[in-house]
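The values are calculated or read from the model by the stated rules, or taken from the named source; none is laboratory data. Note that the structure is predicted; figures quoted are calculated from it, not measured. Using ideal geometry, Cβ is built from the backbone for each residue, glycine included, and neighbour counts are taken over all protein chains shown.
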């Protein structure tokens, strides 16, 4: 089950945190709990993605994005992700998470997140996110008009641009050839 109570807790503890601009880091703390474990007694890869939500959604609130979504009746979706798992996270480990809106292109916002345990980076994620309405994806220019029209967007880092290119080369739908 999705950890709604943990998400509500994150919103509660960050309720008075200041506003964030694109590129600024939202820091949050989480714990690996017994129900987050896989068969090898470490943080399950699926639960890792849910815990990343616990950093990304309060960050979106701090940026003013969630207020705009509510006012306009828009939604928020993940359109792609790439996750690196580098170190194990064990039960009761304290996870320090860093989340930031990194950049945007015409259609998507790119969000970067990392998890740290005892000062060591355990994982890193890049998300392609989109705001949606009844007609599909809301263009970034339309979102910026609502959010921060005077704030310039940072350039897309080279490593993110390479990932975007790789995603564009990826076949869709996948596995069309039958054996």
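Residues in the stretch 101-138 that are assigned to a loop (DSSP other than H, G, I, E, B) and surrounded by 14 or more Cβ atoms within 10 Å (Cβ to Cβ): 105, 107, 108, 138.
Residue by residue, here is whether (1) in contact (Cβ under 8 Å) with a residue 60 or more places away in the chain; (2) assigned to a helix (DSSP H, G or I) holds:
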position: 7; (1), (2): no, yes
position: 16; (1), (2): no, no
position: 53; (1), (2): no, yes
position: 57; (1), (2): no, yes
position: 61; (1), (2): no, yes
position: 68; (1), (2): yes, yes
position: 78; (1), (2): no, no
position: 81; (1), (2): no, no
position: 96; (1), (2): yes, no
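Somewhere in the stretch 116-125, is a residue touching a strand residue (DSSP E or B) at 6+ places or on another chain (Cβ under 9 Å), modelled with pLDDT of 95 or more and within 16 Å of residue 59 (Cα to Cα)? Yes: one or more hits. Restricting attention to the stretch 1-51, the residues that are within 23 Å of residue 143 (Cα to Cα) and under 16 Å from the mean Cα position of the chain (by Cα) total 8.
Note on the stretch 139-179: residues that are outside any helix (DSSP H, G or I) and within 26 Å of residue 51 (Cα to Cα) total 3.
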